[in-house]
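S.K.: What follows is a structure written as structure tokens; I'll ask about it next.
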Amino acid sequence: MNKILISTIIGLTFLFLQSIKSQTKNKPQFLQKVGVIDSMYSNTLKEYRTFYVQLPESYHAKKKYPVAYILDGEVFLPTVNDVQRYYSGGFTPEMILVGISNASNRTRDLTTSKIDKKYGMPFTEKNGEAYNFNKFIGNELIPFIESKYPVTHFRTLIGHSYGGLFVIYTLLNTPELFTNYLAIDPSLDWDNQKLLSDAQQVFSEKNYQGKSLFMSLNGQLNPQNPNITIESVMQDTSEITLFSRANIAFSNMIKHHSKNGLTYAWKFYPNDIHGTIPFPSIMDGLLFNFKWYQMENTDKFNSPNTTKEELFNFVNYRAKKLETHFGYMVPPYPEDLFDALGHMSMDMGALDKAKMFFEFAIKFYPNNANNYMSLADFYEMNNDYKMALKFATKAFEISGDNSHAQKLKSIKEKI
């Protein structure tokens, strides 16, 4: 190993240790904090309601984001946030997450009809007021969030157990409130499967085009009899399997009414129980509901043999696809990716591709000064100082940054 390489490694090691030392000195109390608490008074519920808001990691106040509302937010918001940290950008869009607290009056708010007996036993807990909670979300919480946070009308609703029951109730009664629905192990056995009866007519009459539902079922079909399988459970008549039978029956009903346009997936998790199923369901549900969002043709972008015309068509196809699903214009790729592709193309001498990527960056991100400066660099490299000056001037007008001012001066001196 030569001396220069040894010196470099030692230097990098020293910088790394200094970095660790600095971090240790300023060691935070928590590794990760999720969700800023907020609240509002509900005239519908006659009480204050708490919720938690999590912004995307690359949040920008001038940008608008889709939004996900998570029932039992104090429990499941961190999980949804973790999934987003891994998958957002390429598989799911960056979203603002709103975790609605159901720590108080959970059964009252999330159950869909009133009962006084459950499985033959008296049931005295207040229940059956999903109508009011749905009204609170639609008439109060959503307008409040939209007035205070930069969110769009593209919304996702996520719920588990009674929360899953409420998700299905919302899909049936106010489908316009959300685009995506994620019902995790929903308690469709509630009130002798009443929601199944309600759904029969609704699914046969309503148009669910553009709506998406993911639903899951845990593997503990009969806690007292492990011999009950997914193949045999529908033949069982005991009360203890009513939970799973209601879930499967509802899924079959949706498949029977497939012409109503609902995009639907159901997944059985044989190795999970009711308490563990939210984790994999949130990941799978978000990936399914946003399957159309996932990037395509990534191999073509990585290949130097792909023509400029092909790349041009790929970008425009994705832009059109996202606009169709979201209902508004969405940049097809992150601006950093356009910039990286542009500079990579410049390095490889593919100048026509480089110019195209820089122009796409400006088209989809017109307020970012760096995009204009990248195009200025492109023209300067090609000795077109007049065009370089034009884009450098625009960059400086947007940013007022001293480095852009210096670049502008440098180009002027070359003209």
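S.K.: Are there any pairs, at least 6 apart or on different chains, whose C-beta atoms fall under 9 Å, with the first in the range 190-211 and at positive phi and the second among the β-branched types (V, I, T), and if so, which?
M.R.: What qualifies is D191/T111; D191/T112; D191/I115; N192/I115; G210/T179; G210/T263.
S.K.: Right, here's the next one. Out of E94, E125, E140, report the one residue that is in the same structural domain as A61 (by TED's automatic domain parsing), surrounded by fewer than 20 Cβ atoms within 10 Å (Cβ to Cβ) and under 30 Å from Y333 (Cα atoms).
M.R.: Numbers: E125 fails: under 30 Å from Y333 (Cα atoms); E140 fails: under 30 Å from Y333 (Cα atoms).
Exactly one of E94, E125, E140 is in the same structural domain as A61 (by TED's automatic domain parsing), surrounded by fewer than 20 Cβ atoms within 10 Å (Cβ to Cβ) and under 30 Å from Y333 (Cα atoms), namely E94.
S.K.: Pick from M356, M329, M344: which is among the hydrophobic types (A, V, I, L, M, F, W, C), surrounded by fewer than 17 Cβ atoms within 10 Å (Cβ to Cβ) and assigned to a helix (DSSP H, G or I)? Reasoning before the result, please.
M.R.: Working: M356 fails: surrounded by fewer than 17 Cβ atoms within 10 Å (Cβ to Cβ); M329 fails: assigned to a helix (DSSP H, G or I).
Within the list M356, M329, M344, the selection yields M344.
S.K.: Find all pairs meeting these conditions: Cβ atoms under 7 angstrom apart; at least six residues apart or on different chains; first residue within the range 224-248 and in the same structural domain as I184 (by TED's automatic domain parsing); second residue among the charged types (D, E, K, R) and outside any helix (DSSP H, G or I).
M.R.: Going by the 7 Å Cβ cut-off, the qualifying pairs are I228/D236; L242/D189; F243/D189; A246/D189.
S.K.: Hey, does the range 114-122 have a residue that's in the same structural domain as F144 (by TED's automatic domain parsing), over 9 Å from the mean Cα position of the chain (by Cα), under 20 Å from G164 (Cα atoms) and crowded, with 22+ Cβ neighbours inside 10 Å?
M.R.: Within the range 114-122, none of the residues are in the same structural domain as F144 (by TED's automatic domain parsing), over 9 Å from the mean Cα position of the chain (by Cα), under 20 Å from G164 (Cα atoms) and crowded, with 22+ Cβ neighbours inside 10 Å.
S.K.: Within the range 404-414, is there a residue that is at pLDDT below 95, touching a Phe, Trp or Tyr at 6+ places or on another chain (Cβ under 6 Å) and not in a helix (DSSP H, G or I)?
M.R.: Yes, because at least one residue in the range 404-414 is at pLDDT below 95, touching a Phe, Trp or Tyr at 6+ places or on another chain (Cβ under 6 Å) and not in a helix (DSSP H, G or I).
S.K.: Across the range 249-278, which residue is surrounded by the fewest Cβ atoms within 10 Å (Cβ to Cβ) among those that are of a type in the set (G, A, S) and in contact (Cβ under 8 Å) with a residue 12 or more places away in the chain?
M.R.: Filtering first and then ranking leaves G261.
S.K.: Which of the numbered conditions does N316 fail, given that it passes all the others? Conditions: (1) under 29 Å from the mean Cα position of the chain (by Cα); (2) of a type in the set (S, T, N, Q); (3) in a loop (DSSP other than H, G, I, E, B).
M.R.: (3)
S.K.: Would it be correct to say that N218 is over 30 Å from the mean Cα position of the chain (by Cα) and under 22 Å from I273 (Cβ atoms)?
M.R.: On the way: over 30 Å from the mean Cα position of the chain (by Cα): no; under 22 Å from I273 (Cβ atoms): yes.
In short, no.
S.K.: When residues of the range 279-311 are filtered for being outside any loop (DSSP other than H, G, I, E, B), touching a helix residue (DSSP H, G or I) at 6+ places or on another chain (Cβ under 6 Å) and either free of Cβ contacts under 8 Å to residues at least 40 places away in the same chain or not assigned by TED's automatic domain parsing to the domain that holds K267 (or both), how many remain?
M.R.: Here the count works out to 2.
The values are calculated or read from the model by the stated rules, or taken from the named source; none is laboratory data. Quantities reported herein were computed from a predicted structural model and do not represent experimental measurements. So basically every Cβ, Gly included, is an ideal-geometry build from the backbone, and we count neighbours across all protein chains shown.
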